[in-house]
Amino acid sequence: MPVTVRIPSYLAEFAKGQTALVLETGARNVRGLLADLWKEYPALRDRVVDEQSEVRQHINIFVGEDAIRHASGLDTPVSANDEIMIVPAVSGG
Amino acid sequence: MPAVQHVSPKSGDVLLLVGTMKGAFVLRSDKARKKWSVGGPYSVGSPVYAMAFDTRDGRNRLWWAQQSFRWGTILRSSDDFGRTSTEPEAYSVKFPEDSGLALKNIWQICIGPQDEPETMYCGVEPAALFQSHDGGKNWSAVEGMLKHPHRPKWVPGGGGMCLHTIIPHPTNKQSMIIAISTAGCYRTDDGGATWQARNRGVRADFLPEKNPEFGQCVHKVSRDAANPERLYLQNHWGLYRSDDGGDTWQDIANGVPSDFGFPIVAHPHQKDTAYIIPVESDEYRCTPEGKLRVYQTKNAGKKWEALTRGLPQKNALETILRDAMATDTLRPAGIYFGTRSGKLYGSNNDGKSWSVIMDGLPPIACVKTAIVGEGGGKGSRKSPSSKKHKAAAPRAKSRAVAAKKASGKKRAVARAR
C-alpha cells in the first residue's frame with residue numbers, strides 16, 4: 001500500500017532532496033513503516049530515532065493529525081494512503 | 001543564519017578552538033598571539049561541547065561534536081579548518097543496543113598518542129568511554145567502563161551523567177585516568193579492561209558519606225607538565241593534588257577565595273604550575289566579588305596567587321565551564337578561557353597579562369588549542385569522510401566488528417602498547 005511520509009527540510013538532504021517520500025509498504029504500524037523508511041533512506045534513521053529505536057525526544061511523528069505520543073506510540077496503526085509527518089518539536093532556546 | 005567565515009592558517013600558526021552553545025569557532029594567530037582571525041560558526045545553532053585538532057601522521061584535522069536537541073549528537077571532522085566537513089550518514093558514536101543506553105552528548109574528544117596515529121577517544125553522556133583505532137571512522141564503547149559494576153549507583157549532576165575528562169598516561173600506555181560527574185575519577189592500569197575508583201581524599205559534601213569510594217563530582221583533572229604521577233583536580237567543592245597517579249589526593253585550596261570552580265589546567269612546560277578560576281559556591285557559580293581572577297600556583301598548590309592584569313576587577317560576574325580553559329604549547333605559554341557570557345580571554349605570557357580576544361560569542365562550553373602542522377605533516381591526509389560538507393561518510397561497520405575491537409584482548413583503551 002502507498003503511504004506518504006513528509007519530512008522537514010533539514011532531513012531532505014538525507015533523502016535525495018525530497019520532503020515527501022512515497023513508500024510502498026506492507027507495514028501495519030508506525031514501527032514497521034519506519035523500518036521500511038530506513039531501508040529506503042538509511043541516513044534518516046539515526047537522526048529520527050536513538051540507539052534504542054526510540055523516537056528522539058524533540059521529534060514528533062503524526063499519523064494524519066494524530067501525534068503518535070498520544071496514540072499508541074510506534075504501535076499506532078497506519079493504513080493505505082495515510083500521510084505520516086516527521087516534524088521537529090517546537091523547543092530549545 | 002550568520003555568514004560563515006573561514007581562516008587560512010599556515011604551518012606554525014596557533015589555533016583556538018571554541019565550542020559554544022550555538023556552534024563552533026576556529027581562531028588563528030601567528031606565534032605572537034596578538035591578533036586573531038575568526039572562522040565559523042560551524043554547526044550553526046548547535047551546542048558544541050567538544051573539539052580537538054589532530055596533527056598526527058601529517059593531518060591537520062579538526063574534530064568537533066555537534067549536539068542537536070532534535071537530531072542527536074554526531075562527530076564531525078574537517079581537513080580544511082572547517083570549510084568542508086563530514087556529516088556521516090550513520091552516526092559513528094553509538095551505544096550498543098543491548099546496553100539500554102542512548103547517546104546524549106559528547107563531552108570530550110581526546111587525540112591518542114603520537115605513535116598511534118589512528119587512536120582516538122571520546123567521553124560521552126551517559127558516562128562512557130569510546131575508542132577508535134581507525135582514525136575516527138569507527139567507534140566502540142570500552143567494555144570495562146560500559147559494564148562497570150559501579151554504574152548502577154552513579155547519579156547525574158547538574159550537567160548530566162557525563163564522562164568529561166580523559167587523560168592517557170604519557171609513558172605507560174596501559175594507564176589512563178578519566179573523570180565522571182557524578183562518579184569521580186577512575187583509572188585503568190590494564191589497557192582499559194578494568195577500572196578502579198581513584199577518589200581517596202576527595203570529599204563529596206552533597207552525600208551522606210563525605211568520603212565515599214566513588215560518587216564525587218569531579219569537575220576537571222589535569223596532569224603536571226613534568227611529573228606524570230602528579231595530577232591536579234578541581235572538585236565540586238575542593239581543590240586537590242595527587243602525587244601517586246590518583247591513588248590519594250591532598251587538599252591544596254591554600255589562599256583561594258573559593259575552592260569551588262570548574263576548570264583546572266596545568267602549565268604545558270613548567271612543573272608544579274597550574275591555573276584555576278574559582279567561582280563562588282555551587283548555588284551562585286560566579287566569580288567572587290565581581291572580580292575575574294585566574295589563580296596560579298607555581299609550587300603544586302602550596303600557594304596560589306591571583307593573576308588580574310587585563311582582567312576586569314569590577315562587575316565581572318562570570319562563570320567559566322569545566323572545559324573552557326586551555327593552554328597552548330608555546331614558550332611562553334598561551335593561556336585562554338571563555339565565559340558563559342561569551343567572552344574569550346587570552347594571555348600570551350604564561351598568564352602575566354590578559355586581553356579580550358573576542359566578545360559577544362554565545363555561551364562558551366569548550367576552549368582547545370593546537371599548533372598547525374605540529375605533527376610535521378602537510379595536512380594531506382583525507383578526512384574519514386572526505387566528501388564536501390554534509391556528504392555521506394562510509395557507513396559504520398557492523399556492531400559485531402565494533403564489539404570485536406572493543407573486546408580487543410587488552411587492547412581496549414589504547415591499542416595500548
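The values are calculated or read from the model by the stated rules, or taken from the named source; none is laboratory data. Note that the structure is predicted; figures quoted are calculated from it, not measured. Note that each Cβ is placed from the backbone with ideal geometry, even for glycine, and that neighbours are counted across all protein chains shown.
Odds and ends about this structure:
- Checklist (1) in a strand (DSSP E or B); (2) in contact (Cβ under 8 Å) with a residue 40 or more places away in the chain applied to residue B:57, failing item: (1)
- Yes/no for residue B:28 being away from chain A (no Cβ under 14 Å) and either at pLDDT 95 or above or over 30 Å from residue A:86 (Cα atoms) (or both): yes
- Output for the stretch B:111-131, where each listed residue is within 23 Å of residue B:48 (Cβ to Cβ), part of a loop (DSSP other than H, G, I, E, B) and more than 14 Å from chain A (Cβ to nearest Cβ): B:112, B:119, B:127
- From the list B:10, B:94, the one residue that fits, being more than 18 Å from the chain's Cα centre (by Cα), crowded, with 22+ Cβ neighbours inside 10 Å and not assigned by TED's automatic domain parsing to the domain that holds residue B:336, is B:94.
- If you go through the stretch A:1-50 and keep only what is within 14 Å of chain B (Cβ to nearest Cβ), without any contact (Cβ under 8 Å) to a residue 24 or more places away in the chain, assigned to a helix (DSSP H, G or I) and of a type in the set (A, V, I, L, M, F, W, C), you end up with A:12, A:38.
- Residue ID - surrounded by the fewest Cβ atoms within 10 Å (Cβ to Cβ), chosen from residues in the stretch A:79-93 that are in contact with a strand residue (DSSP E or B) (Cβ under 6 Å, 6 or more places away or on another chain) and away from chain B (no Cβ under 14 Å): A:83
- Where residue B:134 falls short, out of the listed (1) within 14 Å of chain A (Cβ to nearest Cβ); (2) surrounded by fewer than 21 Cβ atoms within 10 Å (Cβ to Cβ): (1)
- Candidate set from the stretch B:101-114 (those that are touching a helix residue (DSSP H, G or I) at 6+ places or on another chain (Cβ under 9 Å) and either basic (Lys, Arg) or closer than 16 Å to residue B:169 by Cβ (or both)); member that is surrounded by the fewest Cβ atoms within 10 Å (Cβ to Cβ): B:114
- Selection of the stretch B:13-38 for residues being closer than 23 Å to residue B:68 by Cβ and buried (at least 23 other Cβ atoms within 10 Å of the Cβ) yields B:17, B:18, B:19, B:20, B:23, B:24, B:25, B:26.
- For residue A:53, the stated conditions hold: it is farther than 14 Å from residue A:11 by Cα, at pLDDT 95 or above and either touching a Gly at 6+ places or on another chain (Cβ under 6 Å) or within 9 Å of chain B (Cβ to nearest Cβ) (or both).
- Residue in the stretch B:61-110 that is nearest to the other protein chains (Cβ to nearest Cβ), counting only those that are among the small types (Gly, Ala, Ser) and in a loop (DSSP other than H, G, I, E, B): B:102
- Of all the listed residues (B:281, B:341), the sole one being at positive phi and among the hydroxyl-bearing types (Ser, Thr, Tyr) is B:281.
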